[in-house]
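Here's the structure, in structure tokens; my notes come after.
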Amino acid sequence: MALFFKRAQYDAPAPGANGQVTTVAARPQPLEASELRRAVDPATLGFKTTDELHPITGLIGQDRALKAIQFGVNIKSHDFNIFVLGPPASGKTTAVKAHLGPKAAEAPTPADWVYVYNFDNPNRPHALKLPHGRAKELASGMVGVLDELRSVLPALFESEDYQVRRRAIDEQFRSGQEEALEALNRKAQSQNIAILRTPTGFTMAPMHEGKVVKPEVFNALPEAMRKDVENKIETLQKELESILERMPKADKKRRAELSELNEEVAKHAVDASLDELIAAFSDVAQVSDYLAAAGRDLTRNVGLFLMSGEEEQNAIVRQPVDTARDARFRRYLVNVMVSNGVSGGVRAQGGAPVVEELNPTYGNLIGRIEHIAQMGTLVTDFLLIKPGALHAANGGYLLIDARKLLLSPFAWEALKRALKAREIHVEQPSEATGFSMISTQSLDPDPIPLELRVVLFGDRELYYMLSAYDPDFAGLFKVQADFDDTIARSGENDNAYARVIASIVKEHGLKPFDASGVARIIDEGARLADDREKLSIEIGRIADIVREADYWSSQAKRKLTTKQDVARAIDEQIQRADRLRDRAQETIARGLVLVDTEGARVGQINALSVIQLGTFSFGRPSRITARVRVGAGRVMDIEREAKLGGPLHTKGVMILWGFLAGRYALDVPMSLAATLVFEQSYGGVDGDSASAAELFALLSALSEQPIRQSLAVTGSVNQLGEIQAIGGVNEKIEGFFDVCRQRGLNEQQGVLIPKSNVQHLMLREDVVEAVRHGQFAIYPISTIDEGIEILTGVKAGERGPEGRFPGGTINRLVEDKVRSFAERVRGFSKGQGGNAADNSGGTQ
């Protein structure tokens, strides 16, 4: 079928200000339909379905970032940590993991770390370094020692040999005590004094004929006799006191001998129980020292293993307490902080760890000291020290989302302290910051040496903000791995993109995609990149489209996912997010927001803007109007005066004045006053993409030539009148197209865009079809003169050798109007005796 394009007809030009009829300019050629969208031909991909493709690992087109990561991983210096920059959902984390995996597998496995009781200072637990895979061996070995001692020691202390030796010590103490008291008793009896035992101790009384003399009888005796008895009693009491004073010392000696006996008996059992464990760890000096200290403490505290009669009876009734949970033996247990363990005697995981901390709070990062409530107070011990991500990643790589890290109180400063000190010091945040409001029992454990590479993930804004405002950041994160948002479009990269899609299909267990479906996703990748010469590598968004297309394929009961399913997935994504776009178009369709799409108006033009709502953006036309009159050479930006205009928009308006003064007021004062406004704008306005439209409206108002309302304009302008590229060109075109289609396409409608934006066009297929059938047009312009000719149908005109523009052209009409304003101001000034308006104008 032969294709043809209908040419749009122009409205007849209005007479110029000087009464001359202007000539109709030759129509600049709109873009061909083939220039509006770069589509992939499925036949060029070289496969029928993704089952034929070898899934790709890692990312494509990220050589710069991957080289930076490789450098950061290989360099030995501790302060060359890595910050990975890039947009969200670009696959940064997946790529880094894939790159680190082989490197980590080849690295030596880091050591294990444990905390043990400090028998000299319980509040300062010791950190022990062990060869990898042996921490749990030590922990289980200590539990085994305790289990053995729980059964061996009671038996030893109940043995006949021990009981005989103990009774000998007790008998020795009792015999010495009884002999002294018996000797004193015989001496007292020889003096007719009785030594009586009472509940409160000893007392003495006189005797007569072997019987204690009653007090009333004793008091009736002659005074001399009483005095003699009292002296004897006093002497005997002193001897009794001497004997009683020696008794505690003797008892102390007895206890010491018993203790020596107990330690002697216990030492043999403890040594026998620890021998195997000591031999197993003889190559680790720190562990040997710890086991020796533990053995000494076990020997001294053998009573922990011996139950009283009542406890023994209770133990028979209830289930015995597991050793690891028995509070009596907590000090002898081992707190395993890091275990690069073994399974069946074989190391379960080799190489260095790669740890991703998804919730980098202070405790999850540095570790924490937990407390338990006992008797209304909070207490802790070394077994309540919990490891953090730094412990798990020590000797390897730690991956953290920078934004989450910064949002977690105290976590960022704690990480910096650890990296600078090169050690992990577990402490409460209140202790680290000095903000504690209460006092609880706490610990000061030994710090653990830190040797790892930290990889932070974040966007570019966050990276540059940290670089600017955190003096420690640049010194700790010296490697910048900057992931590109896009890759160049080429046949090779299209094929690589197809392999990425195949990887997503395989990873999520989806149905195969045929070549047309893959081609449609590649087209959407260019659309997401806002550039038909590029492909977006936001893998997360691409993966979402792939999975949604698989869903719609299943709904259609297809075995392959096709182009139709991908298109349905994209349309459904938009439909879920476009409620506000529909409302905006409805307000235009109902006439609530005034936008003309036919006819011609002086000083009025359709400008285009983009509204971003999350990941969805859409274009919306807005009416800009301009009014001019005699004045002091100022262009009033009403948006700015109402404090609705942003700095970029204000800059664009100031550039307009520079263009007008530089082209039309070379030898006369700029004696005009102009106002510019976005009609029915009730929110903020920023950006300079409407500056070309604003200038066209001013030129129309000055030349009094009407602008075709069937056209809309986007683009920024510089002081030389050159049209500059803008963003969101596809959404802007489609936004105006939707309004025109709703009202009915009349073959006169279209959009003017900067010529430099043609390379960014990836328009919807319905827009391309309308252009193909001549119902809509896209005009690329590079200068203001090109644009004003399309909008008005009147030649712009070039300044001739005599320094004037040709008569009847837009530029001549504008220049004549500027000169007429200057003459009127001059005449007014003469009439008022004042000075002419100066030429220093600007914007208000």
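The values are calculated or read from the model by the stated rules, or taken from the named source; none is laboratory data. Just so you know, these numbers come straight off a predicted model, no measurement behind them. Because the Cβ atoms are built from the backbone with ideal geometry, glycine has one as well, and the counts that use them run over all protein chains shown. Note: accessible area is taken over every heavy atom of the protein model, side chains too, but ligands, DNA and RNA are not part of it. Shrake-Rupley method; radii C 1.70, N 1.55, O 1.52, S 1.80 Å.
What to note about this one:
- Matching residues in segment 706-742 - criterion: being under 17 Å from VAL758 (Cβ atoms) and among the polar types (S, T, N, Q): THR714, SER716, GLN724, ASN730
- Complete set of residues in segment 54-75 that are at pLDDT 85 or above and among the charged types (D, E, K, R): ARG64, LYS67
- Evaluating ALA556 against the criteria (1) open to solvent by 30 Å² or more (accessible area, probe 1.4 Å); (2) within 20 Å of ASN730 (Cα to Cα) leaves one unmet condition, (2).
- If the condition is being modelled with pLDDT of 70 or more and either of a type in the set (Val, Ile, Thr) or open to solvent by less than 50 Å² (accessible area, probe 1.4 Å) (or both), then segment 150-179 contributes VAL152, LEU153, PRO154, PHE157, SER159, TYR162, VAL164, ILE169.
- Counting only helices (runs of 4 or more DSSP H) that fall entirely inside segment 442-536 and contain at least 2 residues that are aliphatic (A, V, I, L, M) and over 27 Å from the mean Cα position of the chain (by Cα), the qualifying elements are 491-507, 515-528.
- Filter result for GLU451 (open to solvent by 40 Å² or more (accessible area, probe 1.4 Å) and within 21 Å of ILE539 (Cβ to Cβ)): no
- Residue in segment 67-86 that is open to solvent by 40 Å² or more (accessible area, probe 1.4 Å) and closer than 21 Å to ALA496 by Cα present: yes
- Any hit, segment 685-705, residues being in a helix (DSSP H, G or I), under 20 Å from ASN606 (Cα atoms) and at pLDDT below 80: no
- Across segment 134-147, the number of residues qualifying as over 15 Å from ALA279 (Cβ atoms) and open to solvent by 10 Å² or more (accessible area, probe 1.4 Å) comes to 5.
- Among the residues making up segment 464-483, those that are farther than 22 Å from ASN74 by Cα and open to solvent by less than 60 Å² (accessible area, probe 1.4 Å) are LEU466, SER467, ASP470, ASP472.
- Pairs meeting the criteria (first residue in segment 706-717 and over 16 Å from THR625 (Cβ atoms) and touching a residue at least 60 places away in the same chain (Cβ under 8 Å), second residue open to solvent by 10 Å² or more (accessible area, probe 1.4 Å) and acidic (Asp, Glu), beta carbons under 9 Å, at least 6 apart or on different chains) are SER710/ASP596; SER710/GLU598; SER716/ASP688; VAL717/ASP688.
- In segment 76-100, the residues that are modelled with pLDDT of 90 or more form Cβ pairs under 6 Å with partners that are assigned to a strand (DSSP E or B) and open to solvent by 50 Å² or more (accessible area, probe 1.4 Å), at six or more places apart or across chains, as follows: PHE83/GLN480.
- Among the numbered conditions (1) part of a helix (DSSP H, G or I); (2) out of contact with any Gly (no Cβ under 8 Å at 6 or more places or on another chain); (3) charged (D, E, K, R), the only one that GLU802 does not meet is (1).
- Any hit, segment 576-584, residues being among the hydrophobic types (A, V, I, L, M, F, W, C), surrounded by 14 or more Cβ atoms within 10 Å (Cβ to Cβ) and more than 30 Å from GLY509 (Cα to Cα): yes
- Answer from GLY721, GLY727, GLY662, GLY658 - the residue that is free of Cβ contacts under 8 Å to residues at least 60 places away in the same chain and not hydrophobic (A, V, I, L, M, F, W, C): GLY662
Let's see how each residue does on (1) modelled with pLDDT of 90 or more; (2) open to solvent by less than 10 Å² (accessible area, probe 1.4 Å); (3) farther than 25 Å from HIS760 by Cβ:
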{"position": "LEU510", "(1), (2), (3)": "yes, no, yes"}
{"position": "GLY540", "(1), (2), (3)": "no, no, no"}
{"position": "ASP544", "(1), (2), (3)": "yes, no, no"}
{"position": "TRP552", "(1), (2), (3)": "yes, no, yes"}
{"position": "LEU594", "(1), (2), (3)": "yes, no, yes"}
{"position": "ILE611", "(1), (2), (3)": "no, no, no"}
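- Scanning segment 355-371 for residues being charged (D, E, K, R), farther than 14 Å from ALA418 by Cβ and within 13 Å of the chain's Cα centre (by Cα) gives a total of 1.
- Among the conditions (1) open to solvent by less than 30 Å² (accessible area, probe 1.4 Å); (2) of a type in the set (D, E, K, R); (3) assigned to a loop (DSSP other than H, G, I, E, B), the only one that GLU747 does not satisfy is (1).
- Looking only at residues in segment 781-811 that are among the charged types (D, E, K, R) and more than 60 Å from the chain's Cα centre (by Cα), the one that is least open to solvent (accessible area, probe 1.4 Å) is ARG804.
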